[in-house]
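Novice: Sending over a structure as structure tokens; questions will come in a sec.
FYI, it's all coordinate maths here, none of it is from the lab. None of the values given here were measured: they were computed from a predicted structure. In this analysis, Cβ positions are derived from the backbone assuming ideal geometry, glycine residues included, and neighbour counts consider all displayed protein chains.
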Amino acid sequence: MSGPLSVVLEQVEAGISSIAEMSRRTGVAPDVLRASLDHLVRTGRIATQSLAIGCPPAGCGGCAVKGCGSGESSRTNLTLLSRRRAS
Amino acid sequence: MTEPALKQLPLLAVRPPSMKTTCHSAGAGLGAGEDAPVVALVGSPNTGKSTLFNALTGSRVTMGNWPGTTVEVSRGVWRTTRTAASCTCQECDCEPGEGRVDITLVDLPGAYSLVPDSPDEALTRELLVDAPVDERPDVSILLVDASRLSHSLYLASQVRERPLRVVLALTMLDVAAKRGVELDLSALSAAVGCPVVGIDPRRRAGLDELAAAVRDLVAEPVPQPRPHPEGITDSLAIDDERFGWVSAAVEAATLDHGSQQASLSDRVDRWATAPIVGPLLFLAVMWAVFQVTTSVAAPFQDALDGFFSGPLSAAAGALFAAVGLGGSWVEGLVVDGLIAGVGMLLTFVPLMALMFVLLALLEDSGYLARAAVVTDRLMRAIGLPGRAFLPLLVGYGCNVPAISATRILPSARQRILTSLLVPFTSCTARLTVFVMLGAAFFGPQAGTVVFAMYVASIVIIVGVGLLLRGTLWKGEVVEPLVIDLPAYQMPTVRLTASVTWVRLKGFLQTASGIIVVTVCAVWLLQSVPARGDAGFGEVAVQDSVYSVAAQAIAPVFAPAGFGTWETTSTLVVGFVAKEAVISSWAQTFAVDEPGDSASPGTLGDRVRADFTESSGGHPLPAAIAFMVFLLAYTPCVATLAAQQREIGTKWTVFGVALQLVVAWSLAVVIFQVGRLFW
């Protein structure tokens, strides 16, 4: 049996980087894939990590663009998901 | 459920209903007392459950913690009145308004799943599933968010595995419609095997239909649970089957196409993240950014340059002459040092502001995040850890936080590898030098030259990455990952202005601090004699400590076409911070030609003349070689400090050596090959 959860895990293993690309490759609706991904995160099979593009909020203390990662620019943060291996 | 709990708050203890499907019989004798049917509201948080409960019960509500728990459960009376729309009598002559059915409505705690992961979910499961059959609710209204149908239907898949009377109440249909999702409720009903009603509790729409569906269902026998594959014990396989059921229901119920027809973000991403078109599109966007930046800002930059090197310097000189300090070291420090150095920095304000605005627009719109996908794919293609894309992206702003960002990498070896690659990313401090040299040597093509430096940066990273991976980093396992991209959005003026101002202010504060310190240091070194009889502050710059030290290093760069002490010295200053490269150039040429302040010419003209001399008449390849050297050698001492902190002294020294070797080799090859053509 290969349901949406298996599909998502296979796509993560294959290094597919976005829901849209997963949907294009598998034909499964993006909404279903997103729900499956959320479920895998909720059940601990996939780990999430929030990634901010830009400098840390407090600045680095030594660069020419310190403070650039502060404030509302975090609107476009990425979420990085990686498969958790069974221990 | 414990016995005392039931006695204290008998929310669900009901007798089997004895109603028939006529208005009269359904309404007769029923209040929200012991005879009243009990209906439970079930659903995930944020599906509109509480809003529906309030809409149905009004003020007829009691609230309290479920005995033995801290979980709050609300109970109320739902007075349903027969209306023409809700009358489902088969044989009925009743008038509208006749026949009232009072229902005991229980708002169960929000739950994503019947496999409990919280006290709320545990209580919902206990009351809905684990309770004895005659203590379960007569009907469960399962709220489903139509705009997130797949998310909500997972709970439905679990509920439908139980012998329960269920009505699906679809909320957020307006939100779904705005996203282009159109649902066929009949098809959804057939797919999930229970009645489906569309409601909007805030506008009290669909509530009569919901009441009719509930009253109908109360009279029906408990339906058979949905078939469930036998012999599956693995929790992943069980959930996989459930999501397969969800997927089939979504597919059956989705008329158009909003969910299958891609959203605007998905449609754009089809191109923006495509394997071939995506990188090309990204490169085109970045080229446009640099081209627009350099061409639009150039007139402002020239005007500011003319102001600082012309009227302002002349006025300052006249002022010093008037107070008797003309030709003194004080005038040299202020006019040739601070005004020349800080003034040169300020000429870049229009350019940096414009570029920060454009980058903020790209970032705020969500497009810049797509670079992550493109870069990630590149990383994986060359066998580097995919996560390395983030520090490398950050590095294009500043290398120091990029080094810190390598902490997201899971293994120490990957962190070291990525830390060694970060210094090859072209930070904004280098940008000013690229722009100045691009304008001086390539005129209107300056934007393309700057863009080419960014492409060169990527090529160097890939090349060095492959080199290291093929030697010191053999056998590294690349970990898969998924990037959940934010949707595109319209950039806002307020946010764009705010981000631009913060970055510009940061650039000016840091760069001006660095420049003032280095200007003073360079002035001091240029004032100290290394040979000859002149005293402090009176020595010809060629005989100063600054110049003599640079002259000792300069021959190393002769094969690269820029072996003069004036240019070599800027590389030494640039080792401290790239922001100071141009100011030290400006300072050196101002001191070198002190009588030139009346008709100064541009710094670019002087640098071009210097390169023409050092390259034997091949200034263009020499300038490109210099820019590539500047791109590839050590960014600044702050980056070294960050590297030392993250990967230790040994690897930091290795990195510096690697950068110098790569930078010098590339510069020499570029000049020696380039001089054959230019």
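Novice: Classify the stretch B:546-678 as rounded, prolate or oblate from the Cα gyration tensor: take a ≥ b ≥ c as the square roots of its eigenvalues, call it rounded if a/c is under 1.5, otherwise prolate when a/b beats b/c and oblate if not. If you can, show how the numbers build up before the last one.
Specialist: On the way: a/c = 2.42, a/b = 1.39, b/c = 1.74.
It comes out oblate by the Cα gyration axes.
Novice: Amide H to amide H under 5 Å from B:Glu182: which residues, 5+ apart in sequence or cross-chain, H placed 1.01 Å off N in plane?
Specialist: Result for B:Glu182 returns B:Leu255, B:Asp256, B:His257, B:Gly258, B:Ser259.
Novice: For A:Val41 paired with B:Asp174, estimate the spin-label separation in nm (one decimal), with each label point 7 Å from Cα along the Cα-to-Cβ line.
Specialist: Once both label points are built, they end up 2.8 nm from each other.
Novice: Decide, for the stretch B:298-407, between rounded, prolate and oblate: order the square roots of the alpha carbon gyration tensor eigenvalues as a ≥ b ≥ c, take rounded if a/c falls under 1.5, and otherwise choose prolate if a/b is larger than b/c, else oblate. Present the calculation step by step, with values, prior to reporting the outcome.
Specialist: Details: a/c = 5.17, a/b = 2.69, b/c = 1.92.
In terms of gyration-tensor shape, prolate.
Novice: When the Karplus curve 6.51 cos²θ - 1.76 cosθ + 1.60 is applied with θ = phi - 60°, which whole-Hz ³J(HN,Hα) does each residue of the stretch B:431-448 get, with x for Gly and Pro?
Specialist: After applying 6.51 cos²θ - 1.76 cosθ + 1.60, I find 4, 4, 5, 4, 5, 5, 5, x, 5, 5, 9, 10, x, x, 8, 4, x, 5 Hz.
Novice: Just to check I understand the Karplus step: with θ = phi - 60° and J = 6.51 cos²θ - 1.76 cosθ + 1.60, what whole-Hz values come out for the stretch A:26-32, glycine and proline as x?
Specialist: Calculated HN-Hα couplings, in order: 10, x, 7, 4, x, 4, 5 Hz.
Novice: What does the net charge come to around B:Thr612 if you take all other residues with beta carbon closer than 11 Å to its beta carbon, with K and R at +1 and D and E at -1?
Specialist: Residues close to B:Thr612 contribute a combined charge of -1.
Novice: Could you tell me the calculated FRET efficiency between B:Gln509 and B:Glu251, based on Cβ-Cβ distance and R0 = 51 angstrom, to the nearest 0.05?
Specialist: For R0 = 51 Å, the calculated efficiency reads 0.35.
Novice: I would also like to ask the following. Add +1 for every Lys or Arg and -1 for every Asp or Glu among the other residues with Cβ under 12 Å from the Cβ of B:Leu108, and state the total. Can you show the working numbers first?
Specialist: Working: positive: B:Lys49, B:Arg75, B:Arg125, B:Arg136; negative: B:Glu72, B:Asp107, B:Asp120, B:Glu121, B:Glu126.
Spelling it out: positives minus negatives among the neighbours equals -1.
Novice: Just check the stretch B:514-596 against the gyration tensor rule for me: Cα atoms, a ≥ b ≥ c as the square roots of the eigenvalues, rounded for a/c under 1.5, and otherwise prolate or oblate depending on whether a/b exceeds b/c.
Specialist: Oblate shape, in that a/c is at least 1.5 and b/c is the bigger or equal ratio.
Novice: Something else: Please list, ordered by chain and number, the residues whose modelled amide H lies under 5 Å from the amide H of B:Gly198; skip anything fewer than 5 residues away on the same chain.
Specialist: HN-HN under 5 Å from B:Gly198: B:Leu170.
Novice: Can you sort B:Cys194, B:Cys520, B:Cys636 so the residue with the fewest Cβ neighbours within 10 Å comes first?
Specialist: On the way: B:Cys194 22, B:Cys520 14, B:Cys636 26.
Fewest-to-most Cβ neighbours within 10 Å comes out as B:Cys520, B:Cys194, B:Cys636.
Novice: Within 10 Å, count the other beta carbons around each residue, average over each peptide in B:451-457, B:351-357, and list them highest first.
Specialist: Values: B:451-457: 19.7, B:351-357: 21.4.
In descending order of packing, they fall as B:351-357, B:451-457.
Novice: Could you calculate the contour length gain from B:Lys650 to B:Val222, that is, 0.36 nm times the residue separation minus the distance between their Cα atoms, to one decimal place in nm?
Specialist: Working: separation 428, 0.36 × 428 = 154.08 nm, distance 7.30 nm.
Gain on stretching B:Lys650 to B:Val222: 146.8 nm.
Novice: Using modelled amide H (1.01 Å from N, peptide plane; none on Pro or chain starts), what sits under 5 Å from the amide H of B:Leu41, excluding residues fewer than 5 places away?
Specialist: B:Val106, B:Asp107, B:Leu108, B:Ile141
Novice: Quick one: order B:Asp120, B:Asp543, B:Asp376, B:Asp174 by neighbouring beta-carbon count within 10 Å, fewest to most. The partial results should precede the final answer.
Specialist: On the way: B:Asp120 20, B:Asp543 17, B:Asp376 27, B:Asp174 14.
By the 10 Å Cβ count, ascending, the order reads B:Asp174, B:Asp543, B:Asp120, B:Asp376.
Novice: What nm value, rounded to one decimal, do you get for the distance between B:Leu466 and B:Val572 when each label is placed 7 Å out toward the C-beta?
Specialist: 3.7
Novice: Under a plain spin-label model, where a point goes 7 Å from the Cα along Cα-to-Cβ, how far apart in nm are B:Ala558 and B:Ser186?
Specialist: Once both label points are built, they end up 9.1 nm from each other.
Novice: Please arrange B:Ile339, B:Ile232, B:Ile199 by how many other C-beta atoms lie within 10 Å of their C-beta, fewest to most.
Specialist: B:Ile232, B:Ile339, B:Ile199
Novice: From a point 7 Å beyond the Cα of B:Thr612 in the direction of its Cβ, which residues of the stretch B:416-455 have a backbone N at a distance under 13 Å?
Specialist: From the stretch B:416-455, the list is B:441.
Novice: Going 7 Å from the Cα of B:Leu312 along its beta-carbon direction, which residues of the stretch B:340-362 have the amide nitrogen within less than 13 Å of the resulting point?
Specialist: Residues B:340-350 qualify, since their backbone N sits under 13 Å from the label point.
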